[in-house]
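Before any comments, here is the structure.
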Amino acid sequence: MNKIKSTIKILFLSLTLGLTIVSCEDSLDIIQSNELNDSDTFNNVADLNNYLLGAVYASVNTTNEIKFTSVFTDEVGIAPTNTGQDVVLHRFFIDNSEAYSSGIWQSHYTTINRVNRLLKAAEGITPAAGEVVTYNSVLAQARALRAFAYIQLESYFTTNMADDNALGVVLSIEASDDLYLKLPRVNNGAIYNQINADLDFAYANLNTAVSDYYFVTKPLIDALRARVNLNRGKHDLAKQYAQAAITGSGLVLTPATPMPAGTPALTGTWATAFYNESTPVATAVPYRNLWNDRSNTGTAAVPSFQNFRGENIWALSRPLTGAWGNIAALYTTNASNANGSPLFDMGRNQYNILLSYTSDIRKFAFVDTTSKVDAGYATNPNYITSDVIIIDKYPGKGNQNLRNDIKTVRLSEMYLILAECEAFGGNFAVAANYIKNIRDARRFTGTVTAPTYSSIPGALQDILKERRAELCFEGHRYVDLRRLGKIAGVSIDRHFTDDRITSLPTTLDINSYKFTLPIPLAEVQGNPTIVQNPGY
């Protein structure tokens, strides 16, 4: 009976996690009124593993970061069919009741609380001799996911990611039966120490037989170490771990070839072959398959989804069935095309960056064929309807127009981390070569000349440009500007046509307090120990 209760509980938790915005109750409440007691849920190693899969993994969600970043920075413009959705955020207004920033906080503390509960329950379970590896690996994966949650929280809510003495977030590592437990924020050093401890434990105890990119692996742990050390300004460590992630993953950058025959264009015969899922998988473009989750192990008649790894080090699985959130719904209503009632289209300067690259696959992989491209957009008073660049980075899969796996850590990010580290070290030729590696992989004909850097700010400007081209709509731009904007002299870069009101600001001072998110109102109201970030 206890096993049945456990299964029912895990199924319930899984089905409640598909929404982009989670409810804004006190983020540190450990036990909800509809939860079973731990004694009903955890009785053996199998229960721990089921809870890890059905509750902890299922709670990991970065869609709030992706949507907030796209709307607040310079990735999107307001589409013709937008009737006011998120327009206030797009115009740089943010306070502690803003939904997506609150969702970032709530979502990751949900993961943290579930990990804490699992770890506490594990203390009361003694694995049999044949279960020790599984037991240790469950704890390792849980702690790695907790570390990821803290990395995300630190990336948005501390005033200075590189200062260990700056105020960080709330450190919660113990499950508690106190429904009203309130904890204060601590300094970054305490949070980073916990992240390092969790990742070290995970690396030492992970079952290395697990290599599926939907789960925690050693290359993922190295990638997370690289990411957190990059944000801290610890470039030697970031470089070390990024190289380890690349080597350990055994992956290569997903190529832009083979390409369909003919002249590449958003419309026409070539485009039909490029975008159509009935194209024989043997000749389908690998980089396009990276985004539509279509595996080369399938057939044209029966394509296989969920299995095309490409350069993914880690992706959040969003299968065809189940009550999952649909990532493309962040930008559109029904489908990633002009008939799908898009809420946001691609920002014009974002699109112009893709256009600036010769023979680059990303313009075609990220833009739908139904887009309207107006060469005179800057002077056409009807630009809102004449120049509509439809975002197609998440084209859907199978019969799910809006659903795709969420690509959370990719190999290209590791190359970009290496380039940034080398630039800060003054190794400009080496940094430029890492950027060339990415641009070569994305080019479907010929090769790319390596850029030339002569200063740290100049190198970082080009690296930010490449990050903007490669990682757009994946939730990086806001944190990238937080980390590098002041040094590179770069901030939000919109075109005035991204809004219906042409007189609105197209940028935000990089020194603005809005480059740190507010602690959510629900947390402030429910936790009197919380210190709010400046400006809110």
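Being within 20 Å of V76 (Cβ to Cβ), out of contact with any His (no Cβ under 7 Å at 6 or more places or on another chain) and surrounded by fewer than 21 Cβ atoms within 10 Å (Cβ to Cβ) is true of N401. Exactly one residue out of A175, A271, A223 is of a type in the set (A, V, I, L, M) and modelled with pLDDT of 95 or more: that is A223. F93 meets the conditions (1) assigned to a loop (DSSP other than H, G, I, E, B); (2) buried (at least 23 other Cβ atoms within 10 Å of the Cβ) in every case but one. The failed one is (2). Per the listing A238, A284, the residue uniquely small (G, A, S), modelled with pLDDT of 95 or more, buried (at least 22 other Cβ atoms within 10 Å of the Cβ) and more than 17 Å from the chain's Cα centre (by Cα) is A238. The condition of being over 30 Å from N404 (Cβ atoms), outside the structural domain of P381 (by TED's automatic domain parsing) and in a loop (DSSP other than H, G, I, E, B) holds for only one of I487, I501, I492, that being I501.
Of the residues Y478, Y434, Y394, Y415, the single one that is without any contact (Cβ under 8 Å) to a residue 24 or more places away in the chain and either crowded, with 24+ Cβ neighbours inside 10 Å or assigned to a helix (DSSP H, G or I) (or both) is Y434. The residues of the stretch 245-279 that are aliphatic (A, V, I, L, M) and surrounded by 13 or more Cβ atoms within 10 Å (Cβ to Cβ), listed by number, are A245, I246, L251, L253, A256, M259, L266, A271, A273. Only residues that are surrounded by 23 or more Cβ atoms within 10 Å (Cβ to Cβ) and part of a loop (DSSP other than H, G, I, E, B) were counted in the stretch 359-386, giving 2.
The values are calculated or read from the model by the stated rules, or taken from the named source; none is laboratory data. Since the structure is predicted, the reported quantities are computational estimates derived from the model, not experimental observations. Don't worry about glycine lacking a Cβ; one is built from the backbone with ideal geometry, like all the others, and counts go over all protein chains shown.
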